[in-house]
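One structure is given here, and the rest of the page talks about it.
The values are calculated or read from the model by the stated rules, or taken from the named source; none is laboratory data. Everything numeric in this text was worked out from a predicted model, so none of it was measured. All Cβ positions, glycine included, derive from the backbone under ideal geometry; neighbour counts span all protein chains shown.
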Amino acid sequence: MSAPSEPAAGVPQSVGPPTVGPVAHWGPWRTGLAILRRDLMVTGREFPIFLAQVILQPLFLLFVFGKVLTELGYAQPGYQEVLFPGLVALAAVLTGLQSTALPLVIEFSYSNEIEDRLLAPLPVGAVAVEKVVFAAMRGFVAAAVMFPIGVWILGSIPWQASTAVAVAVMMVLGSLLGAAMGLILGTYVPPNRINVTFALVLTPLIFTGSSQYPWPSLDHIRWFQVVSALNPMTYVSEGLRGLMVPSVPHIATWACFVVAAVYLVVLMLVGMYGFNRRALS
Amino acid sequence: MPVVASGETTLAVEVRDLVKRYAKAPVDSLTGVSFQVKQGEVFGFLGPNGAGKSTTIGILTTRIRPTGGRAVVAGVDVAADPVGARRVLGVVPQQNNLDRSLSVRQNLIYHASYHGVPRATRNQLADSLLEQFGLADRPDGRPDDFSGGQIQRMMIARALMHDPAVLFLDEPSTGLDPAARLFLWEKIAELKEAGTTVVITTHDMDEAATLSDRVAIIDHGTLLALDTPQQLVQGMHSERTLDCTMEPGPTGDAASLGIALGGLAGVRAVDQLDDPAGTGWRYRIDVDGEPAPLVAPVATVVAETGAKLTDVRLGEPNLEDVFIHLTGRALR
C-alpha cells in the first residue's frame, strides 16, 4: 500500500477539522450491523417461505435416495449415512450461493436497491461482506434444519456429540463458501445471462460436490475424482462425513478445513474485486 | 489557501480541475471542471444528456472515482474519505432505488439507521417528513404501489433523514407530470428557505431558471458558463430575439442566408437552429432594440434567396438562448 499522495501544487487544503455530520461518531461497523438488521427483519418476516424455499430440494433428495431407494433395495443399507452429511453440505453451500447471487443480480441491474447501502457511511467492500455474512446465516439455518428433517425421514442420523462443534464450524465454512461463490456469480455475470449461468453452474456444482458419494471411493473413475476435487463443496461434504461417520472412507478432516478455508479466501478476494467493479466506476 | 473563502460564506462544494475518463472510453467525460457551491445555495447544472452532469454528481456522491482533480463536499475530500463524505451528503438519484421489501416509512427509518440517527429521532423525523412531502396517508404502503411523483418525493424525504449538509438531485423532474413537477419545485424552494444546500442537474431550462441561484452550463464535459440565470441571460448583450422558420427555395443555401441576415442593420448575431420538423431552416436573430421593425427587412432578404417564411416569433432571450449561443445547438 502506498502512503497517501501529496496534494498537487496549488491545490488548496482544508483547514481545521472536516465538517462533521449529525452523527460523526457512528462507525462503519454499526452501519454494517444496521444493514444486517434490515436483512434479518425482511427474511424473518417471511421465514416459512424462506424455509420452504431452502429445504425442499435436500428434503426430496434425502427422501428418494436415502429412504425410497434403500427400502426398495437398490441402495445399500449404509448409504443413508453416507448421504446425510453430504446433503447437509449441499444445503449450506447452495443456500449460501443462492442468497447472494440472485439478489445481487437484481439489485445491481433492475431494482438499484443496493444504492442506498452503497451510499451509507461504510466502505463499499463492507457492503459485500455484509451480503456474504447474511447469506451464510441463511445457509447455516438451511443446513441446521436438515438435522430434524433427517431424523424425521430416516428415523436416525449419524451423530457424535464429541464432534458437534467441529460440525457446526464446517457448516459455517460451507455456508460462507457458497455465499462467496454467489458473490462472484452475482457480480460478474451480466443480468441477461443469469438464467443460463445458473443452469450451467448449479447442476455440475450439485453433482460434483461429493454430496452423494464419498470422494475416496472414486478411485476407479479417476477423471470424475479430479473434477470433484476441484469443487469446493467436496471439502465441506467430506469434512462433515469424516466428523459424522468416521468409518466411511473420507478425505482427512484437517485437510478439508484447510482447503475449504483457502478456497474461501480466494473466492472472497475475487468476489470483492467484482463487487467493487460493479459498485464504483 | 483555505477552502473556506469568498467573503463570509462557507463553501458547501468545491470542485477543482475535475477530470473523468471511463475505462475504455476514447475521450474524457469531464475535461477539467472547476466550480464552487456556497452554503445554502441552490446550484443548477444545465446541459444536454451525456454532457457530464451525472458524472460530476457521481463523483461528488462517491459512486464514481475521479481520474484527476479534487472534489470536496462540506469540507470532506470525496476521493480521500468517501465514507466521511457519505455522512454529509444526501442523494436523490435519477431512477427509483427505494427498498421494495420495506414500506415507505421503513425506507426512511432504515436509511436513518444506516446513518446512525437514534431510534427516537428517526421515528419522529420520518413522520414529519412524510407529512411534509404529502405521503402521510399511506406510510405502510410498498414503494411499488405509488406514482412516479410520489416515488420522487419519497426519495427526497429519505435523503433528508440524516440531515445532509448538501443534497444532490439528479434530474429530479424527468418523467414527472406537470402537477408533480410543480409540487417538486415547491419542495425544493422550501428546502432552500430552510437553508439546505441543493445541487440539481437538469436538461430543462425552466427548471434551472426557476430553482437555481446560480446555473452552470455544461457540454461535452466542459463548463461553458457559470452565473445567476439573470446574469447569464443579460450576458447575451441582447434584449430581444427574432425566431424565423422558413421553407428553403430551389436555390440558395442556409449558410449564406445566415450571413445575409447578419448583415442587416440592427442585427447582433444569427444562430442557425435545428428545425424540429426537420425540413425547414430556422434562425434565431439577436436584435439591438425592438425586433418588430426588422421583420420586413428579414422577409425581404429571405424572399431574395427564394425561401418562404413560415413562422416568425419575437422573444426575450432565455437560458436556452444562452446555451445555443455557447454551443451552437439546441438543448434537446
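Numbers for the structure displayed
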quantity: Residue check, B:PRO164 modelled with pLDDT under 90 and of a type outside the set (Gly, Ala, Ser); calculated: no
quantity: Top-ranked residue in region A:96-125 [being hydrophobic (A, V, I, L, M, F, W, C) and facing chain B (nearest Cβ under 9 Å); ranked as nearest to A:LEU269 (Cα to Cα)]; calculated: A:VAL124
quantity: Members of region A:103-162 found to be free of Cβ contacts under 8 Å to residues at least 24 places away in the same chain and hydroxyl-bearing (Ser, Thr, Tyr), listed by number; calculated: A:SER111, A:SER156, A:SER162
quantity: Among residues of region B:292-332, those that are of a type in the set (Ser, Thr, Tyr) and under 28 Å from B:ASP206 (Cα atoms), counted; calculated: 2
quantity: Filter pass, B:ILE156 being at pLDDT 90 or above, closer than 24 Å to B:GLU41 by Cα, under 28 Å from the mean Cα position of the chain (by Cα) and assigned to a helix (DSSP H, G or I); calculated: yes
quantity: Residue, surrounded by the fewest Cβ atoms within 10 Å (Cβ to Cβ), within region B:64-79, restricted to residues that are in contact with a helix residue (DSSP H, G or I) (Cβ under 7 Å, 6 or more places away or on another chain) and facing chain A (nearest Cβ under 7 Å); calculated: B:ILE64
quantity: Residue list for region A:39-74, filter: surrounded by 18 or more Cβ atoms within 10 Å (Cβ to Cβ) and of a type in the set (A, V, I, L, M); calculated: A:VAL54, A:ILE55, A:LEU59, A:LEU61, A:LEU62
quantity: In region B:203-221, the residues that are part of a strand (DSSP E or B) and either surrounded by fewer than 23 Cβ atoms within 10 Å (Cβ to Cβ) or of a type in the set (Asp, Glu) (or both); calculated: B:ARG214, B:ASP219
quantity: Test for A:GLU130: is it of a type in the set (Asp, Glu), under 30 Å from B:TYR114 (Cβ atoms), within 14 Å of chain B (Cβ to nearest Cβ) and not in a helix (DSSP H, G or I); calculated: no
quantity: Matching residues, region B:175-202, being in a helix (DSSP H, G or I), touching a helix residue (DSSP H, G or I) at 6+ places or on another chain (Cβ under 9 Å) and not small (Gly, Ala, Ser); calculated: B:ARG181, B:PHE183, B:LEU184, B:TRP185, B:LYS187, B:ILE188, B:GLU190, B:LEU191, B:LYS192
quantity: Elements of type helices (runs of 4 or more DSSP H) in region B:81-137, at least 1 residues being polar (S, T, N, Q) and within 11 Å of another protein chain (Cβ to nearest Cβ); calculated: B:104-114, B:119-132
quantity: Set B:SER147, B:SER212: member being under 23 Å from B:VAL73 (Cβ atoms) and away from chain A (no Cβ under 14 Å); calculated: B:SER212
quantity: Looking only at region A:247-281, and only at residues there that are free of Cβ contacts under 8 Å to residues at least 12 places away in the same chain and outside any helix (DSSP H, G or I), the one that is surrounded by the most Cβ atoms within 10 Å (Cβ to Cβ); calculated: A:SER281
